[in-house]
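Colleague: So that we are looking at the same thing, I have put the structure below in structure tokens.
The values are calculated or read from the model by the stated rules, or taken from the named source; none is laboratory data. Bear in mind the structure is a predicted one, so any value in this text is a computation, not a measurement. FYI the Cβ positions are ideal-geometry reconstructions off the backbone, even for glycines, and counts take in every protein chain you see. To get the accessible areas, we keep the full protein, side chains included, count just its heavy atoms, and leave off ligands, DNA and RNA. Shrake-Rupley method; radii C 1.70, N 1.55, O 1.52, S 1.80 Å.
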Amino acid sequence: VQLQASGGGLVQPGGFLRLSCVASGSIFSIDDMGWYRQAPGKQRELVVDILSNGSATYASSVKGRFTISRDNAKNMVFLHLNNLRPEDTAVYYCYVVVWTGIKSWGKGTQFTVSS
């Protein structure tokens, strides 16, 4: 499974962004999809996970500001980020967990929140 994320860049504090990620390859069905992030000098942390039924679990630091969605027909997952803060600056990695339980990662897309 290959993952390609897009949507990074530079955004001002309070701004918004949308990240996209598409999975391709030998995919029968996808269970979980989601996003991690890794800020400079910090460990990778889970941002949000969404199940195939649409149920999502958010990190407390992004709850109410970020919204995840997925398009099961297109094997895509999206992350809508609102009210961005400088501490949201990071490389964002999408992932999928296919029906076998194997997790696959994308290479990451980076954005910076700065004025």
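Colleague: Give me the percent of the accessible area of region 1-78 that comes from carbon and sulfur atoms, probe 1.4 Å, all protein chains in place. Show your work: numbers first, answer last.
Modeller: On the way: 2140 of 4380 Å².
Answer for region 1-78: carbon and sulfur cover 49 percent of the accessible area.
Colleague: Accessible area per residue of the chain at 1.4 Å probe, in Å²?
Modeller: Numbers: 6200 Å² over 115 residues.
It amounts to 54 Å² per residue over the chain.
Colleague: If the chain between Thr67 and Ser52 were fully stretched, how many nm would it gain, using 0.36 nm times the residue separation less the Cα-Cα distance?
Modeller: Working: separation 15, 0.36 × 15 = 5.40 nm, distance 1.53 nm.
Separation in residues times 0.36 nm, less the Cα-Cα distance, equals 3.9 nm.
Colleague: Ranked highest first by average number of other Cβ atoms within 10 Å, how do 107-114, 53-60, 26-33 line up?
Modeller: Details: 107-114: 16.2, 53-60: 11.9, 26-33: 14.5.
Most protected by this proxy first, the peptides run 107-114, 26-33, 53-60.
Colleague: Could I ask something else about it? How many lysine pairs in the chain, separated by 8 or more positions in sequence or lying on different chains, have Cα atoms less than 23 Å apart?
Modeller: On the way: Lys42/Lys63; Lys42/Lys103; Lys42/Lys107; Lys74/Lys103; Lys74/Lys107.
Taking the chain as the scope, the lysine pair count is 5.
Colleague: Round to a whole angstrom and tell me the spacing of the C-alpha centers of region 53-93 and region 1-28.
Modeller: If we compute the Cα centre of each part, the gap is 10 Å.
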